[in-house]
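Here is the structure we will look at, set down as structure tokens.
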Number of protein chains: 2
Amino acid sequence: MAKIEDVAKHAGVAPSTVSYVLSGKRSITQETRQRVLASIRALGYQPHAGARALASNRSNVVALVVPLRTGIHVPVIMQFATSVVIAAREHDHDVLLLTQNEGEAGLRRVAGTSMVDAIIVMDVELHDPRVPVLKDLDRPAVLIGFPADPDGLTCIDLDFTAAGAACVDHLAELGHRRVALIGSPPEVYERETGFASRTTAGFTEAAARHGIAASVHACEATQAGAQKVATELLAEHPDLTAVVVHNEPVVAPLLAAFREAGRSVPDDLSVVAICPDELAEYTMPALTSVAIPAEEVGRQAVGLLMAKLNGRKAPGATLLSPHLTVRASTAPPQ
Amino acid sequence: MAKIEDVAKHAGVAPSTVSYVLSGKRSITQETRQRVLASIRALGYQPHAGARALASNRSNVVALVVPLRTGIHVPVIMQFATSVVIAAREHDHDVLLLTQNEGEAGLRRVAGTSMVDAIIVMDVELHDPRVPVLKDLDRPAVLIGFPADPDGLTCIDLDFTAAGAACVDHLAELGHRRVALIGSPPEVYERETGFASRTTAGFTEAAARHGIAASVHACEATQAGAQKVATELLAEHPDLTAVVVHNEPVVAPLLAAFREAGRSVPDDLSVVAICPDELAEYTMPALTSVAIPAEEVGRQAVGLLMAKLNGRKAPGATLLSPHLTVRASTAPPQ
DNA sequence: GTCGATCGTCGAAGCGATTCGACGATCTGG
DNA sequence: CCAGATCGTCGAATCGCTTCGACGATCGAC
């Protein structure tokens, strides 16, 4: 493996000059720069990451903590993760993957050993034990999701409050007078994961604003859970003409359950989902939905992190506006 | 941040002694070991990863390359990934996440900069361009999946040939005389991803062995694709009494399609799936299935890697035996 | 009782980069 | 035409750890 000294000799310059060519931190004549670059190519030189990290006090690696738990839609997590990796690479950084189960100790470890320069945490809860740790670590961090007290932190997420409201607005506009929200499994609410409660809040508030009847229902992420909720819902509220679903895995089972109950979508029942576009387009009928912009969130999270790493100020809270796409699953009530 | 020298002073020993306490590479008296460990705790010492990597020529990081492409079931990938992370941590290693899209250059980069000690590659194709790169990199590697020529490589995967055969064996035993395999989307076959063709081979061979009629059908991973295949299949082969499904996303849509076509499972049609247990248990009726042991594969992949890193010899090929669980979706033909 | 091993610890030499101050050479402005 | 900036490059120090050889002390064997 070629070292910087080899390159320097090959190009007839000092090692420091090679370093400056690479980092651009001092000006170098066009001519020597070319000569150095040629030597780098000729020798296939690649700087040693550890040496670099030691000398510069920068590892060019960011940690990404992914959730392992139940009740969260896995493909969305994967979308986040890959978009974070891709965005990080565009900023010349790599991504170290951590799982929830190492918990706070994991954060302490990767920061304490200078393994990573910064941290991205997904699936933040309202009272997340990692938040205080993050605050007292000196490393920049970005949270995907909002804790109860986001002071001094940089957080980003879809504006679920607005998303919940947007669904109701759309349905109200169509003329619906009673709507129901079918949400996450109970454990998600018990954990006080922010996104679930925020959707509920936006949904409820908008319904009140429009003066229409509304109810909220947790739903297990299984086919049986979907069936149960669908049945109960239709029995309890015969006048129900529209539902909002915010729970990816049960979207399809719910549609099936409604169909079996003799309610056709959208003629007898309008359905709006909060889910990734792929899922909404994949079902039959295609669903009117508010997209979960996983890729956008991942990309922006990295952007915020880089801003902080480079000493720029980053906004404390970033809420992405929801975008509702009308597809085939909503219509005026009959 | 405390350094090893601080710990050494605090404990009244030489820095090297601290290092040996941590690494266990030389014997240390019980007493000084305790003293050193106490100082480490007192100062909250955490070794600098970069310095360590530089001096020891070991980063204690493994790279994991995850696929980004279509036609592969995302939750399974995520299961692999998390089990790799967890297993790696048990061996005191971390995981650097790479995506397919950096391709071979990414492998060269992380190996060349000594960022990682070893590499795990998922979703290997029969003629994977990364294989030659892996061979010429000096770093140990483990492939999840098998290329056409696995010589000199360490590969691990579920034995899909045996899995395909196991499904047929089970159906033949029940008395079925015509079976169909509903497989991956066409693009997966075109890529020559090993697992798809191996399942097909095992399926076909077993059917021949039992002397029963068999056909194989690619299937787009959409609801429409499922519907189409189901309809065509039933029209083409009126005597069909059993199907094997090896394509997670369409499992539920297929079941729905069969039901709509008036075929009830398992009375009119037996269904065996090759999919994660969670999915098989989640549907109604619960599916007889061969599990995709993602977690086991991830864990063993890490084990193999560690063996190689520690100079032990690792087997070239590891094929995990399939395990078929009988649930409610298979029965003798009527 | 002595000699060679073994044990526990130390000191110093790297590992391979970055970065700071220094230093000629070239510009610039008055 | 000269003082002071600026530019391009160099050399040396430094980052924090591991590891090798050395060395006194303890041990076991004869």
Of A:36, A:279, A:95, which is farthest along the charge dipole of chain A in the positive direction, counting Lys and Arg as +1 and Asp and Glu as -1 at C-beta? A:36
Where the accessible area of segment A:74-226 is counted over protein heavy atoms with a 1.4 Å probe, how much of it, in %, is carbon and sulfur? 54
Taking the Cα centre of the protein assembly as shown as the origin and placing charges on Cβ (Lys, Arg +1; Asp, Glu -1), which of A:294, A:307, A:75 is farthest toward the positive end of the dipole? A:307
Going by Cα centres, segment A:179-199 and segment B:145-215 are how many Å apart? 42
What are the semi-axes of the equivalent ellipsoid for the protein assembly as shown, taken as the square roots of 5 times the Cα gyration tensor eigenvalues, largest first, in whole Å? 47, 34, 23
Alpha-carbon spread of chain A, three principal axes, descending order, Å: 84, 37, 33
Heavy-atom accessible area, 1.4 Å probe, ligands and nucleic acids excluded: residues of segment B:218-254 down by at least 50 Å² from chain alone: B:223
Ratio of segment A:160-291's C-alpha Rg to 2.2 N^0.38 Å, to two decimals? 0.94
Given +1 on the Cβ of Lys and Arg, -1 on the Cβ of Asp and Glu, and no further charges, what dipole in debye does chain A carry about its Cα centre, rounded to the nearest 20? 1680
With the solvent-accessible surface defined on protein heavy atoms using a 1.4 Å probe, which residues belonging to segment B:16-52 display a reduction of at least 40 Å² in accessible area in the multichain context relative to the isolated chain? B:46, B:48, B:49
Per DSSP H run of at least 4 residues, take -39500 (n - 2.57); add these up for the protein assembly as shown, divide by its residues and hand me the 222 nm value, nearest 500 deg cm²/dmol. -14000 deg cm²/dmol
Quote the FRET efficiency, to the nearest 0.05, computed for residue A:312 versus residue A:92 with a Förster distance R0 of 22 Å and r equal to the Cβ-Cβ distance. 0.85
Assign one of three labels to segment B:4-47, namely rounded, prolate or oblate, based on the Cα gyration tensor with a ≥ b ≥ c the square roots of its eigenvalues; rounded applies when a/c is under 1.5, prolate when it is not and a/b is larger than b/c, and oblate otherwise. prolate
Counting only other residues whose beta carbon sits under 11 Å from that of residue A:158, what net charge do I get with K and R as +1, D and E as -1? -2
Please build a GNM for chain B, connecting alpha carbons under 10 Å apart, and tell me which residue among B:127, B:170, B:48 fluctuates the most. B:48
Can you give the accessible area per residue of segment B:4-47, in Å², using a 1.4 Å probe? 62
Where Lys and Arg each count +1 and Asp and Glu each count -1, what net charge lies around residue B:280 among other residues with Cβ under 14 Å from its Cβ? -3
Summed buried accessible surface, chains B and A, 1.4 Å probe, nearest 100 Å²: 4100
Rounded to the nearest Å, what's the spacing between the alpha carbon centres of segment B:19-37 and segment A:10-39? Just the number, please. 45
Which one, A:214, B:333, A:8, is farthest towards the positive end of the dipole of the protein assembly as shown when Lys and Arg carry +1 and Asp and Glu -1 on their Cβ? A:8
For peptide A:74-82, the mean count of other chain Cβ atoms within 10 Å per residue Cβ is 5
As straight-line cross-link partners of residue A:135, the qualifying lysines (C-alpha separation under 20 Å, not fewer than 8 residues apart within one chain) are A:308, A:313
How many partner chain Cβ atoms sit within 10 Å of a residue's Cβ in peptide B:102-108, on average, as a whole number? 1
Give me the net charge for the shell around residue B:22: Cβ to Cβ below 12 angstrom, other residues only, Lys and Arg +1, Asp and Glu -1. +3
Taking a probe of 1.4 Å and leaving out DNA, RNA and ligands, segment A:189-318 shows per residue an accessible area in Å² of 39
Less than 30 Å apart at the alpha-carbon level, and either on another chain or at least 8 residues along: which lysines does that give for residue A:228? B:228
If R0 = 60 Å, then residue A:224 and residue A:9, at their Cβ-Cβ distance, give a FRET efficiency to the nearest 0.05 of 0.25
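The values are calculated or read from the model by the stated rules, or taken from the named source; none is laboratory data. This structure is a prediction, so every number in the text was calculated from the model and none was measured. Virtual Cβ from ideal backbone geometry, glycine too; neighbours counted across all protein chains shown. Quick note on the areas: whole protein, heavy atoms, side chains included, nothing else; ligands and nucleic acids left out. Shrake-Rupley method; radii C 1.70, N 1.55, O 1.52, S 1.80 Å.
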